[in-house]
Amino acid sequence: MTTRYSPRSISTPRPPVHRDPLRHSADKRPRADNTPGSPRVGWRSRRRPGGRERLWSSRVGLPAGCEDAPVLDLLPSALPATVTATPARLLRRLRGAPSPVAGRTVLVTGASSGIGEHTAYAAARAGAKVLLVARRAEELDRVAEQVRALGGQAATYSCDLTDGEAVDALVVRVLAEHGAVDHLVNNAGRSIRRSLSESADRFHDVERTMAINYFGPVRLTMGLLPAMRAQGFGHVVNVVSWGVQIKAPKFSAYLASKSAIDTWGRILAREARSDGVHVTNMRFGLVKTPMIAPTKEYENQRAMTAEQAGQQVLRIMEDLPPAWGHPVGYVGEAMGLLAPRLTDAVMHRLHQRIPDAR
């Protein structure tokens, strides 16, 4: 009787299994760094055949080089980061603890009206020393008197942020008189509502918006940044717009400049994190300020008041989140990612309905 053997029944030697030392290391949850309180990061390096290295997770694939990035910065921008700071704020209130802003120096640009003015009032009530910056000296004096009436300290600096030499002189004077600035609120700005078809011979619109919305705040921030790093703490608040998320038509010059400061601020936060410098981009929705007063279409629109906006800036200075925004902005950002063609069609219809500013 002949015995037949199946090919599977014949034992054949198998090649040895390579155990990746990185994958099978004992410490599978390394910290981002060795400093106390460092966030625990669940991503680690893994080397695959061919020598290509990447970071991996069961949830998120991250580009190489992000091991030390803040956890909140690695999350999608559509997640309001201020939610994570709300429990700490509530705990402070329950304990009756003073605001973290108390005793700090806060510099606010565009402080003569609107969001900047009411940010100054909110910071003064919290116990901060407020440095007011704007072009109109008489309006700054009025705001300073109100700050002092609230029991706060105020100093005024008349400065045109589109003038580079004036900004440099402002930095020298502020550092000489007050030392390092703890919180810098880049609020001064200019908005232009005009379609591209009406802007062919108006390149100065782009130059003016970039000068006040981007070049000015960047120059001021870079001047104050070394002192922030030297003292081990600093916070930069960039007042941006939800338009950088929804890409609203007719605001090309304005939103391009705001997108520039938004991106620049995010990169600054990632580079200066180890020096204790934080950056928050505040993407406000519609706020009732003198800047939108000439636009009659906004008269009956629901909008945040300048007082509410100032209080929100104070909360941001207390909580130090990387970003804060209006829910509509996050919805628009998600729509642009999930349905770009539909979003473009909707925005084109909106462009046709809204007239240009005259």
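The values are calculated or read from the model by the stated rules, or taken from the named source; none is laboratory data. Note that the structure is predicted; figures quoted are calculated from it, not measured. Note: ideal-geometry Cβ built from the backbone for every residue, glycine included; neighbour counts use all protein chains shown.
Residues checked against (1) touching a helix residue (DSSP H, G or I) at 6+ places or on another chain (Cβ under 8 Å); (2) among the small types (Gly, Ala, Ser); (3) part of a loop (DSSP other than H, G, I, E, B):
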site: THR119; (1), (2), (3): yes, no, no
site: ALA122; (1), (2), (3): yes, yes, no
site: VAL130; (1), (2), (3): yes, no, no
site: GLY151; (1), (2), (3): yes, yes, yes
site: ALA155; (1), (2), (3): yes, yes, no
site: ALA166; (1), (2), (3): no, yes, no
Among the residues of region 96-137 satisfying the criterion of being out of contact with any Leu (no Cβ under 9 Å at 6 or more places or on another chain) and surrounded by fewer than 16 Cβ atoms within 10 Å (Cβ to Cβ), which is farthest from LEU286 (Cα to Cα)? GLY96
Suppose the filter is assigned to a loop (DSSP other than H, G, I, E, B) and of a type in the set (Gly, Ala, Ser); does ALA111 pass it? yes
Candidates ALA154, ALA188, ALA169 - the one that is under 16 Å from VAL133 (Cα atoms) and either of a type in the set (Phe, Trp, Tyr) or modelled with pLDDT under 95 (or both): ALA188
Residues located in region 168-187, provided they are out of contact with any helix residue (DSSP H, G or I) (no Cβ under 9 Å at 6 or more places or on another chain) and more than 13 Å from GLY223 (Cα to Cα): GLU177, HIS178
Looking at (1) under 30 Å from GLU333 (Cα atoms); (2) modelled with pLDDT under 80, can you tell me which one GLY110 breaks? (2)
Name the residues in region 229-263 that are assigned to a loop (DSSP other than H, G, I, E, B) and either modelled with pLDDT under 85 or more than 20 Å from ARG104 (Cβ to Cβ) (or both), would you? VAL240, SER241, TRP242, LYS247, ALA248, PRO249, LYS250, PHE251
Restrict the check to region 145-159 and report whether at least one residue is in contact (Cβ under 8 Å) with a residue 24 or more places away in the chain and farther than 18 Å from THR119 by Cα. yes
How many residues are exposed (fewer than 15 other Cβ atoms within 10 Å of the Cβ), at pLDDT 90 or above and outside any helix (DSSP H, G or I) when one looks only at region 264-304? 1
Of the numbered conditions (1) crowded, with 19+ Cβ neighbours inside 10 Å; (2) within 22 Å of the chain's Cα centre (by Cα), LEU140 fails exactly one; give the number of that condition. (2)
